[in-house]
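Trainee: Starting off with a structure, shown below.
Read the figures in this text as sums done on the coordinates, not as results from a lab. The structure displayed is predicted, hence computed values, not measured ones. Neighbour counts run over all protein chains shown; Cβ positions are idealised from the backbone, glycine included.
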Amino acid sequence: MSVIQELLKVVLVEPAGALNVGSIARLCENFGVSELRLVSPRCDPMDPDAKKMAVKGTKLLNQAQSFDCLLDAISDCNRVLATCGRIDHGDIPLFEAEKALPWLAQGSSSEPIAIVFGREDRGLTNQELLLAQKVLTLKTSPNYPSLNLSHAVAIVLHEFQKYNDQIHKIKKNNYEIKKSANPLEVENCLEDTKSLLLDIGFLMEHTAQPRMAKIKALLNRAEVKPEEVSLIRGILRQVRWAIKQ
């Protein structure tokens with residue numbers, strides 16, 4: 001198992017089925033995932049059915065952390081990949097496995113990375129998708145594109161392991177990808193930006209959300225670095241100071 005696999009977190013947003021949660025805990029154990037994180041679960045992860053399905057993944061169930069919101073669950077992660085099976089995702093770009101998973105495997109070898117899966121019935125909201133730097137979609141039949149949650153996790157983790165092995169071989173040659181800003185750093189920067197743009201009249205409250213979503217998508221496409229986020233926030237502070245003068 002490579003270091004990057006040990007740093008991988010699987011995040012489930014509002015899972016409703018104990019059987020699914022247990023099955024996913026087992027999959028995490030199968031593929032060497034270090035941690036299962038749950039966002040506002042709608043079932044009991046310690047339900048007997050969950051434990052029955054988890055088998056040797058029961059330890060991951062016992063240790064699974066619960067969070068009130070997705071941002072809290074991924075705030076320490078260097079790279080975050082969300083999954084999407086919906087067709088009404090707006091302008092958010094979707095990537096297939098061969099592009100999204102190698103990118104995730106290239107994450108820092110010392111900080112957590114995450115794959116986020118949405119609700120069984122409706123997946124992730126667009127706002128949640130935009131918290132990730134990239135969004136993955138799986139090729140399925142257009143006649144019935146919806147996958148069972150645990151089946152989707154199995155496919156993604158299997159594919160991730162394949163690409164991770166390839167990237168691991170490259171990294172043995174001392175090749176390291178530069179660190180990207182984590183979702184919390186980007187969100188804080190966006191909040192500063194939104195506040196200033198509202199103050200100067202560039203944004204209005206009723207139109208701020210879709211406009212800020214476009215700015216967020218731009219930063220995600222650019223894979224903005226922590227030092228670049230600091231630069232932007234420094235500019236915002238200086239603009240505020242200049243306005244007050």
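Trainee: Using DSSP loop states and a limit of at most 15 other Cβ atoms within 10 Å to flag chymotrypsin sites (Phe, Trp or Tyr not before Pro), what is the longest stretch of the chain containing no flagged site?
Mentor: Result for the longest clean stretch: 1-174.
Trainee: So I have (1) 11.6; (2) 14.3; (3) 12.6, and one of them is mean projected area of the Cα convex hull in nm² calculated from this model. Which one is it?
Mentor: The value computed from this structure is option (2).
Trainee: Normalised by the residues of the chain, what does the relative contact order come to in percent, with Cα pairs under 8 Å and at least six apart?
Mentor: Contact order relative to length: 21 percent.
Trainee: Related question: Where is the GNM fluctuation largest for the chain (alpha-carbon springs, 10 angstrom cutoff): Asp88, Asp47, Asp72?
Mentor: Answer for the Gaussian network model of the chain: Asp88.
Trainee: Out of Met46, Met212, Met204, any idea which swings most in a Gaussian network model of the chain, alpha carbons joined below 10 Å?
Mentor: Met204
Trainee: Hey, what angle do you get for helix 183-199 against the long axis of the chain, alpha-carbon based, 0 to 90 degrees rounded to 10?
Mentor: 30 degrees
Trainee: Let me ask you something else. Considering the chain as a Gaussian network with a 10 Å cut-off on Cα pairs, which listed residue, Asn20, Asn182, Asn148, attains the greatest mean-square fluctuation?
Mentor: Sorting by GNM fluctuation, first place goes to Asn148.
Trainee: So, one more: Between Ser195 and Arg237, what is 0.36 nm times their sequence separation minus the Cα-Cα distance? Round to one decimal in nm.
Mentor: Difference between extended and current length: 14.0 nm.
Trainee: Additional query: By count of other Cβ within 10 Å, fewest leading, how are Lys162, Lys9 ordered?
Mentor: Lys162, Lys9
Trainee: Under 4 °C and 1.567 mPa s, how fast does segment 183-244 diffuse according to Stokes-Einstein, given a Kirkwood radius computed over C-alpha pairs? Answer in µm²/s, whole number.
Mentor: In µm²/s, the coefficient is 107.
Trainee: Highest mean first, what order results for 187-195, 220-228 on Cβ atoms within 10 Å?
Mentor: With the highest mean Cβ count within 10 Å placed first, the list reads 187-195, 220-228.
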